[in-house]
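Shown below is the structure under consideration.
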Amino acid sequence: MRRGQLVVDAVCVVIAAVVAFPLYWMVLSAFKPAGELQSTRLWTAAPTVDSFRRVLDVENFGLYFVNSVIVAVAVVALSLLVSFLSAVALTRFRFRGRTVLVVMLLVAQMVPVEALTIPLFFLLRSFGQVAPAIGLNQLGSLVLVHLAFSLPFAIWLLRGFVAAVPAELEEAAALDGASRFRFTWQVLFPLVAPGLVAASVVSFIHAWNDFLFAKTFLISGTENRTLPLGLLVFFKPEEQDWGAIMAGSTLMTVPVLVFFVLVQRHLVSGMAGAVKG
């Protein structure tokens, strides 16, 4: 038994090392001086922050950061609200076509993103003629598209959490005089907190790291660019500034790690609350 546990632990350590190595190499390359970027050494004897200086000196870098934050936060907030209400409707109410709708949620997750990029481009161009805020070259277009792609997974995930809450709990709340609205937001919402947190992490990462949609829909102007597009200035035809690229990627990773650490604490407390309930 002890030997088997040691083997499992060793395998887990190896897998963790393989997964973490690209992140380590990115951070290491960001601190390497220009002369060591092509070196395969796993350390540097002369760390420098010159690459970070070049990234921070990029014009409108702060604006790109703010744009990325706006898109990610809007997607997370709208996704959690809509997916939670949708999961409640699919779980607590019976209506015609409910099973078909659930199957459609699964099918929507199987469609490749690349296959929908061009149709979405023309669709958003048409939307822009009616509602400019969600048309091309607007942050609203990114929010709308990421919301559409994050909802199927979030709804499917939260549907399981909502279904796990006993119906008897709602009946008891009704006997105590609680309305359906009050039960939904004061009882059901806290109990599905672990699912909400998991959905928020996935939605945030997808919206924050997006390059394909940003490159496709933000085709002119720089005021609405996001951070992934801002790194394109270091990809030059004659030579790529890999130090700055790695430094910019490192800076982009920090908010994701901070968000995950903050949300992880709420995930633990939410799970404890669910078990207690």
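The values are calculated or read from the model by the stated rules, or taken from the named source; none is laboratory data. Here the structure is a predicted model, which is why all the values come from computation and not from measurement. When we count neighbours, we look across all protein chains shown, and the Cβ atoms used for this are built from the backbone with ideal geometry, even at glycine. For accessibility, only protein heavy atoms count, side chains too; no ligands or nucleic acids. Shrake-Rupley method; radii C 1.70, N 1.55, O 1.52, S 1.80 Å.
(1) free of Cβ contacts under 8 Å to residues at least 24 places away in the same chain; (2) open to solvent by 60 Å² or more (accessible area, probe 1.4 Å); (3) within 25 Å of Asn209 (Cβ to Cβ): which one isn't true of Val103, the others all being true?
Result: Val103 passes all but (3).
What number goes with the only condition from (1) at pLDDT below 90; (2) in contact with a Gly (Cβ under 8 Å, 6 or more places away or on another chain) that Ser141 does not pass?
(1)
On to the next question. So in the stretch 186-211, with the set limited to residues that are among the aliphatic types (A, V, I, L, M) and surrounded by fewer than 18 Cβ atoms within 10 Å (Cβ to Cβ), which one is farthest from Phe65 (Cα to Cα)?
Here is the first cut: in the stretch 186-211, the residues among the aliphatic types (A, V, I, L, M) are 187-188, 191-193, 196-199, 201-202, 205, 207.
Imposing the further condition that a residue be surrounded by fewer than 18 Cβ atoms within 10 Å (Cβ to Cβ) reduces the set to 187, 201-202, 205.
Working: Val187: 36, Val201: 18, Val202: 19, Ile205: 14 Å.
Among residues in the stretch 186-211 that are among the aliphatic types (A, V, I, L, M) and surrounded by fewer than 18 Cβ atoms within 10 Å (Cβ to Cβ), the one farthest from Phe65 (Cα to Cα) is Val187.
Could you list all residues from the stretch 65-111 that are on the phi > 0 side of the Ramachandran plot and in a helix (DSSP H, G or I)?
none
Can you tell me which residues in the stretch 7-53 are open to solvent by less than 80 Å² (accessible area, probe 1.4 Å), assigned to a loop (DSSP other than H, G, I, E, B) and either among the aliphatic types (A, V, I, L, M) or over 15 Å from Ser249 (Cα atoms) (or both)?
Pro33, Leu37, Ser39, Thr44, Ala46, Thr48, Val49 - these are the residues of the stretch 7-53 that are open to solvent by less than 80 Å² (accessible area, probe 1.4 Å), assigned to a loop (DSSP other than H, G, I, E, B) and either among the aliphatic types (A, V, I, L, M) or over 15 Å from Ser249 (Cα atoms) (or both).
I've got another one for you. Residues that are buried (at least 16 other Cβ atoms within 10 Å of the Cβ), of a type in the set (Phe, Trp, Tyr) and modelled with pLDDT of 90 or more: does the stretch 78-87 have at least one?
The answer is yes; a qualifying residue exists.
Take the stretch 1-27 and flag every residue that is in contact (Cβ under 8 Å) with a residue 40 or more places away in the chain and more than 30 Å from Leu37 (Cα to Cα).
none
In the stretch 132-169, what residues are surrounded by fewer than 17 Cβ atoms within 10 Å (Cβ to Cβ) and assigned to a helix (DSSP H, G or I)?
Passing the criteria: Pro132, Ala133, Ala148, Gly160, Ala163, Ala164, Ala167, Glu168, Leu169.
Scan the stretch 108-131 and give yes if some residue there is among the basic types (Lys, Arg), closer than 26 Å to Ser203 by Cα and open to solvent by 60 Å² or more (accessible area, probe 1.4 Å), otherwise no.
Yes: one or more hits.
Scan the stretch 170-181 residue by residue and report those that are assigned to a helix (DSSP H, G or I) and either touching a residue at least 40 places away in the same chain (Cβ under 8 Å) or surrounded by 12 or more Cβ atoms within 10 Å (Cβ to Cβ) (or both).
We begin by selecting, within the stretch 170-181, every residue assigned to a helix (DSSP H, G or I); these are 170-175, 180-181.
Across the stretch 170-181, the qualifying residues are Glu170, Ala172, Ala173, Ala174, Arg180.
Can you find a residue that is part of a helix (DSSP H, G or I), farther than 23 Å from Val145 by Cβ and touching a residue at least 24 places away in the same chain (Cβ under 8 Å) anywhere in the stretch 219-233?
Taking every residue of the stretch 219-233 in turn, at least one turns out to be part of a helix (DSSP H, G or I), farther than 23 Å from Val145 by Cβ and touching a residue at least 24 places away in the same chain (Cβ under 8 Å).
Glu171 fails exactly one of the following numbered conditions: (1) touching a helix residue (DSSP H, G or I) at 6+ places or on another chain (Cβ under 9 Å); (2) more than 29 Å from Asn224 (Cα to Cα). What is the number of that condition?
(1)
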